[in-house]
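**Q** Quick one: this structure, given as structure tokens, is what I'll be asking you about.
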Amino acid sequence: MPRRKLLSGAWSLSLRKSGNRIRERRRALGLSQTELGRMLGYSHRAISMLELGQWRDPRVSVALRLARALQCKVEDIFQSN
């Protein structure tokens, strides 16, 4: 398997894990995707894409606002393992 595909697969897995952490934290706070989206200025569809790991390469500003809305650290969401 080419190296590029291996890296792509690992990156995709990392995005899905981050998405799961976003979903878990959002639910723990009792927020809907729509409510979280409003807090961030995004649609519920954008939040769904984040949670599914389909939002490639979120900007630092988005990650910071997301962590603030979820009352956690950026590292809690976007950890490497």
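Every residue, every condition in (1) modelled with pLDDT of 95 or more; (2) out of contact with any helix residue (DSSP H, G or I) (no Cβ under 7 Å at 6 or more places or on another chain), yes or no:
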{"residue": "L36", "(1), (2)": "yes, no"}
{"residue": "L50", "(1), (2)": "no, no"}
{"residue": "G53", "(1), (2)": "no, no"}
{"residue": "V60", "(1), (2)": "no, yes"}
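**Q** While we're on this one: Somewhere in segment 53-63, is a residue crowded, with 17+ Cβ neighbours inside 10 Å, in contact with a Ser or Thr (Cβ under 9 Å, 6 or more places away or on another chain) and not in a loop (DSSP other than H, G, I, E, B)?
**A** The answer is no, given that none of the residues of segment 53-63 is crowded, with 17+ Cβ neighbours inside 10 Å, in contact with a Ser or Thr (Cβ under 9 Å, 6 or more places away or on another chain) and not in a loop (DSSP other than H, G, I, E, B).
**Q** Oh, and also: Looking at S14 and the list (1) modelled with pLDDT of 95 or more; (2) among the small types (G, A, S); (3) part of a helix (DSSP H, G or I), which single condition is not satisfied?
**A** (1)
**Q** Which numbered condition in (1) surrounded by 14 or more Cβ atoms within 10 Å (Cβ to Cβ); (2) modelled with pLDDT under 90 is the only one that Q79 fails?
**A** Q79 satisfies every listed condition except (1).
**Q** Name the residue that is farthest from Q79 (Cα to Cα), counting only residues in segment 20-44 that are basic (K, R) and in contact (Cβ under 8 Å) with a residue 12 or more places away in the chain.
**A** The first filter runs over segment 20-44 and keeps only residues basic (K, R), leaving 21, 23, 25-27, 38.
Of the ones still in play, those that are also in contact (Cβ under 8 Å) with a residue 12 or more places away in the chain are 21, 23, 25-26.
Values: R21: 10, R23: 15, R25: 14, R26: 17 Å.
Within segment 20-44, the match that is farthest from Q79 (Cα to Cα) is R26.
**Q** In addition: Hey, can you tell me all the residues within segment 20-32 that are surrounded by 14 or more Cβ atoms within 10 Å (Cβ to Cβ) and more than 12 Å from the chain's Cα centre (by Cα)?
**A** If the condition is that a residue be surrounded by 14 or more Cβ atoms within 10 Å (Cβ to Cβ) and more than 12 Å from the chain's Cα centre (by Cα), then L31 is the only one that fits.
The values are calculated or read from the model by the stated rules, or taken from the named source; none is laboratory data. If you're wondering where the values come from, they're calculated on a predicted model, not measured in any experiment. Heads up, the Cβs are rebuilt from the backbone with ideal geometry, glycines too, and the neighbour counts pull from every protein chain shown.
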